Amino acid sequence: MAVYQSSEQFYQVMDEVFAYVIQHPQHIESFTRSNLVIRMRTTDPEAEILLDGRQPPLQVFFGPTPGRANLEISLTADLLHEMWLGRESTHMAFYSGRIRTAGNLLKAMQLSEVFAEAERIYPTIIQRYGIG
């Protein structure tokens, strides 16, 4: 059974996660100076998040968004959930093919700050939604 019951539920949680990330710009400075746009697509449920780091503050768009991204990442929402809870290694998920990417992978390193901030708040937010 999937962690998220709908894309709407996934977007609600992610909206809170990224609102927290945006409130702590000092922790994501290298991303907001990176001039990168990263598109993250999930399955189960189908969802899309665009992270625009071309200038501070970080801008986050939910749902299909037109335009090009420097890096595209595809994974299941369950895998993202497990990674942000620290139950799954991002490196292992990538090397096992459960995370697919298109674009310059070296640029993905800039995303680590954003994900670290998301991981910090994610367990607290999912508790409010009764997700475990």
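What follows is calculated from the coordinates using simple rules that are stated; it is not laboratory data. Treat the numbers as computed from the prediction; the structure is a model and nothing was measured. With ideal geometry, Cβ positions are generated from the backbone for all residues, glycine too; neighbour counts draw on all protein chains shown.
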- [ ] Could you list 95, 4, 20 in order of exposure, starting from the residue whose Cβ has the fewest other Cβ atoms within 10 Å?
- [x] 95, 20, 4
Open item on the list: Restricted to Cα positions, what overall size does segment 7-127 have along the principal axes? Three whole-Å values, descending.
Closed with: 30, 30, 26
Task: Length-normalised contact order for the chain - Cα pairs under 8 Å, 6+ apart - percent - done: 28 percent
Task: In segment 24-82, the GluC sites (Glu not before Pro) that fall in loop regions by DSSP, at most 12 other Cβ within 10 Å - done: 46
Task: GNM top mover of 65, 101, 90 - the chain, alpha-carbon springs below 10 Å - done: 65
- [ ] Mind checking which of 49, 28, 5 is farthest towards the positive end of the chain's charge dipole, using Cβ charges of +1 (Lys, Arg) and -1 (Asp, Glu) about the Cα centre?
- [x] 28
Task: R0 of 22 Å, Cβ-Cβ distance residue 43-residue 102: FRET efficiency to nearest 0.05 - done: 0.90
